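The values are calculated or read from the model by the stated rules, or taken from the named source; none is laboratory data. The shown structure was predicted, so the numbers you read here are calculated from the model rather than taken from an experiment. Using ideal geometry, Cβ is built from the backbone for each residue, glycine included, and neighbour counts are taken over all protein chains shown. Note: accessible area is taken over every heavy atom of the protein model, side chains too, but ligands, DNA and RNA are not part of it. Shrake-Rupley method; radii C 1.70, N 1.55, O 1.52, S 1.80 Å.
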Amino acid sequence: MSDAAAATDDLVCAGLTRLLAERGCDAEVVALGVRDEYRATVRPERGPRVLLYGQLALIAPVPPAAACSTCLARRWQAVRHRDLRDAVELGGDTAVAGPWPYATPLVADFLHALIAARRTADPLSAARSRAVTGSAHSRAVTGSARTRAGTPSTVLQVDLSTLRVQQVPLLPDPECPGCGDLITDAPELAAIELPATPKAEAGTFRGRDLDDYPLDVAAFANPVCGALGGSLWQDVTSLSTSPAVGSFTLRSGRFLRETLYGGHADGYRRSARIAVLEGMERAAGLRPRGKRTAVTATLRELGDDALDPRECGLYPDAFYQANPYLHRFEVDRPITWVWGWSLRDQRPLLVPEILAYYHVASVEERFVQETSNGCASGGSMVEAIYHGLMEAIERDAFLLAWYGGRPLPELDPASIDQPRARMMVDRLAMYGYRARFFDTRMTFDIPVVTAVAVREDGGLGTLAFGGGASLDPQVAITAALCEIATDSVMVRVRARADETRLRRMTTDFSRVQGLHDHPLLYGLPEMAQHAAFLLDHGTASVPMTQLYERDRPAPPITTDLRDDLERCLKQVTAQGFDVIVVDQTAPEQRELGLTTVSVLVPGLLPIDFGWLRQRAPHARRLRTAFRAAGLLDRDLRDDEIHSVPHPFP
């Protein structure tokens with residue numbers, strides 16, 4: 001702690017510490033917002049602790065609670081505004097404004113009474129503990145960090161100007177230097193078995209229902225110490241679904257990256273639970289949180305024990321020339337690696353950390369900027385791998401169609417055999433959008449569907465794209481439909497708000513730089529011409545039965561998800577591809593019975609955001625896939641590539 005921070009800490013805490021001691025209270029008083037809690041040394045806990053910031057006092061969990069006061073301080077800092085985070089995390093001049101005004105006998109009496117009451121009983125914490133440990137779906141996991149991670153403790157926040165008390169749940173921080181216990185990554189931890197995984201019900205590819213997870217939404221989204229940010233925002237203006245959206249920030253060098261997550265069901269409660277599951281998945285994929293990375297070496301040193309990142313694609317030379325501060329990949333430059341498992345070869349394999357975790361390294365060290373493509377969560381390893389593989393296949397198929405400029409067979413929406421899906425199609429029509437669906441299968445027989453919401457009057461919000469992949473084409477269609485049902489109306493609003501900037505992109509694709517630029521660009525009417533190859537093919541739509549039963553039958557579906565996954569793996573590996581899985585599961589997820597993985601299929605087209613970052617247009621697969629699928633009698637020529645930014649969200 002700097003001298004200025006120490007002086008501030010003393011000035012804020014001294015008066016209250018003295019008053020509490022006079023009342024026989026041994027609580028330690030600590031100031032928040034005066035030091036970087038991610039780098040600070042741990043203060044040994046000898047009893048109750050009160051954390052102060054402005055007019056707020058936080059009474060931390062009392063040992064031996066699942067979470068400690070250091071967990072609280074770290075979680076608290078994570079949900080602060082970026083101005084405060086920059087101040088404490090990047091350093092800068094600070095000044096003491098004056099004595100803390102709440103060091104009064106009344107405040108001391110009140111805090112003393114609360115601390116004494118907590119020592120006697122903690123009803124909320126006990127109730128939450130019983131709810132988690134007593135769940136039919138909870139499981140015993142050995143190891144201190146894993147046992148602690150899913151059990152919320154209770155924090156009391158006191159507004160000292162009104163004496164209002166708020167109780168909020170606090171999840172332990174598995175990276176806490178005071179009580180965390182991360183394990184070191186190792187090859188034996190990478191091994192994956194695929195046990196029998198019965199499905200929860202017919203027509204689903206999940207082993208458990210969403211409501212089966214003992215999920216405390218408030219522990220993940222609350223303004224005091226939410227593990228995934230300060231709040232979940234409910235979009236009450238949505239015309240098609242009931243979205244719940246949240247965000248959290250993670251530092252990389254001098255920059256704080258905001259990560260959005262959300263749920264888009266037809267009820268806010270369900271959307272909130274889906275949002276938290278997605279938020280945990282995003283957090284697990286940004287950087288390792290369940291295992292400590294242990295391998296740093298060159299590719300030349302590792303040889304066949306490692307995945308060559310060139311198999312997953314690198315940027316063209318022009319990108320690195322335009323961004324000389326970035327390091328290119330070199331076989332003799334040491335990089336960090338994590339252990340994955342080759343499902344094809346049944347062996348552990350080292351994977352470049354930046355391919356498995358897409359925010360772990362500094363910007364300068366990322367020879368590629370990976371995305372969450374292939375990251376998925378499930379109630380078991382089998383379930384997570386299945387959904388991760390589906391996403392990798394879906395993105396590959398869409399990019400082949402887009403950059404190959406290939407027309408696709410169109411599905412007749414009237415043949416969708418799900419009333420709720422047809423209702424959503426009708427609802428989109430009420431708001432002026434026609435929902436269209438295309439069979440995007442290319443290399444594999446696994447159904448992949450691209451959905452497009454087309455604004456009938458051609459105004460702003462012209463097109464919105466979505467995708468889905470599943471052994472069941474009905475499920476693939478529903479997934480794609482949910483994306484366009486949520487995004488279409490929002491694209492209209494956001495394109496209008498950002499119209500001037502977006503229009504400059506239409507004549508200079510290098511201005512397309514971020515993830516959101518891609519879908520928003522196609523909210524402009526003039527971009528519709530670039531999707532004409534898909535939308536103006538001039539042929540009639542056909543029933544699903546014709547496409548998936550007669551013309552090109554979809555693979556059979558079983559009642560066990562393991563059998564479905566193994567059928568998909570055989571299709572992929574039969575074409576010469578490996579399927580590599582990195583277990584990203586965070587301790588918070590493990591305690592809930594969740595698993596998160598990154599599924600990598602080297603050789604499939606990777607999805608990128610930012611026009612100059614696109615790897616797919618330069619990949620050999622884009623040129624050979626159409627010949628291999630029997631759609632061309634030759635490789636695709638460079639002059640035939642549809643060199644326009646993709647519209648995928």
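Can you tell me which of 520-530, 18-28 comes out highest on packing, and rank the rest after it, using the mean Cβ neighbours within 10 Å? Could you put the intermediate results ahead of the total?
On the way: 520-530: 20.2, 18-28: 15.6.
Order by mean packing, descending: 520-530, 18-28.
Could you work out the Kirkwood radius for region 233-334, taking every pair of different alpha carbons, averaging 1/r and inverting it, reported in Å?
Working: mean 1/r = 0.0575 Å⁻¹.
Roughly 17.4 Å, rounded to one decimal.
Taking the alpha carbon gyration tensor of region 275-327, what are the square roots of 5 times its eigenvalues, largest first, to the nearest whole Å? Write down the numbers at each step before the final one.
Details: eigenvalues 145, 84, 26 Å².
The answer is 27, 20, 11 Å, longest axis first.
Would you calculate a helix-derived [θ] at 222 nm for the chain, using -39,500 (n - 2.57) for each DSSP H run of n ≥ 4 and dividing by the full residue count, to the nearest 500? Can you show the working numbers first?
Values: 21 runs with 217 residues, N = 649.
Only helices count here, giving -10000 deg cm²/dmol.
If a/c stays under 1.5 just call it rounded; otherwise compare a/b with b/c (prolate if a/b is bigger, oblate if not). Do that for region 140-270, with a ≥ b ≥ c from the square roots of the Cα gyration tensor eigenvalues. Please report the intermediate quantities before stating the final value.
Values: a/c = 1.67, a/b = 1.11, b/c = 1.50.
Verdict is oblate for region 140-270.
Quick one: helix 473-497 against the long Cα principal axis of the chain, what's the angle to the nearest 10°, folded into 0 to 90?
On a 0 to 90 degree scale, this one is about 70.
So, by mean Cβ neighbours within 10 angstrom, what's the order for 282-289, 507-514 with the highest one leading? Working shown, then result.
Numbers: 282-289: 23.0, 507-514: 13.4.
Per-residue Cβ counts within 10 Å, averaged per peptide and sorted highest first, yield 282-289, 507-514.
Can you tell me the mean projection area, over all orientations, of the convex hull of the chain's alpha carbons? Units nm², please. The partial results should precede the final answer.
Values: hull surface 120.6 nm².
Averaging across all directions leaves 30.2 nm² for the Cα convex hull.
About the Cα centre of the chain, what is the dipole size in debye to 20, counting +1 per Lys and Arg Cβ and -1 per Asp and Glu Cβ, all else neutral?
Numbers: 71 positive and 82 negative charges, 181 e Å.
In total the dipole reaches around 860 debye.
Could you tell me which of Leu349, Thr336, Ala361 has its Cα farthest along the dipole of region 308-373 towards the positive end, charges placed at Cβ (Lys, Arg +1; Asp, Glu -1), taken about the Cα centre?
Leu349
Which order, highest average first, do 45-54, 402-411, 80-89, 316-325 follow once you tally other Cβ atoms within 10 Å for each residue and take the mean per peptide?
Packing order, densest peptide first, comes out as 402-411, 45-54, 80-89, 316-325.
Please work out whether region 398-504 counts as rounded, prolate or oblate from its C-alpha gyration tensor, where a ≥ b ≥ c are the square roots of the eigenvalues and a/c under 1.5 means rounded, while otherwise a/b larger than b/c means prolate and anything else oblate?
oblate
Please give me the summed charge of the neighbours of Leu520: other residues whose Cβ is under 13 Å from its Cβ, Lys and Arg +1, Asp and Glu -1. Don't jump to the answer; show the numbers that get you there.
Values: positive: Arg492, Arg494, Arg496, Arg501, Arg503, Arg504, Arg511; negative: Asp487, Asp498, Glu499, Asp517.
Value of the local net charge: +3.
Once you list every other residue whose beta carbon is under 12 Å from the beta carbon of Ala554, what net charge do they have if Lys and Arg are +1 and Asp and Glu are -1? Mind showing how you got there, number by number?
Details: positive: Arg441, Arg550, Arg552, Arg567; negative: Asp439, Asp445, Asp472, Glu549, Asp551, Asp564.
That sum, taken over residues with Cβ under 12 Å, equals -2.
Which order do Arg552, Arg328 take by accessible area at a 1.4 Å probe, largest first?
On the way: Arg552 70, Arg328 95 Å².
Descending order: Arg328, Arg552.
Net charge around Glu89, counting only other residues with Cβ within less than 12 Å of its Cβ (Lys, Arg = +1; Asp, Glu = -1)? Working shown, then result.
Working: positive: Arg35, Arg39, Arg74, Arg80, Arg82, Arg85, Arg251, Arg254; negative: Asp36, Glu37, Asp83, Asp86.
Value of the local net charge: +4.
Provide Phe248, Phe626 ordered by accessible surface of protein heavy atoms (probe 1.4 Å), highest first. All intermediate terms of the calculation are to be shown ahead of the outcome.
Working: Phe248 30, Phe626 0 Å².
Descending order: Phe248, Phe626.
When a/c reaches 1.5 or more, the comparison of a/b and b/c decides; with that in mind, is region 579-649 rounded, prolate or oblate per its Cα gyration tensor? List each step's numbers first, then the result.
Numbers: a/c = 3.79, a/b = 2.12, b/c = 1.78.
Cα axes put region 579-649 in the prolate bin.
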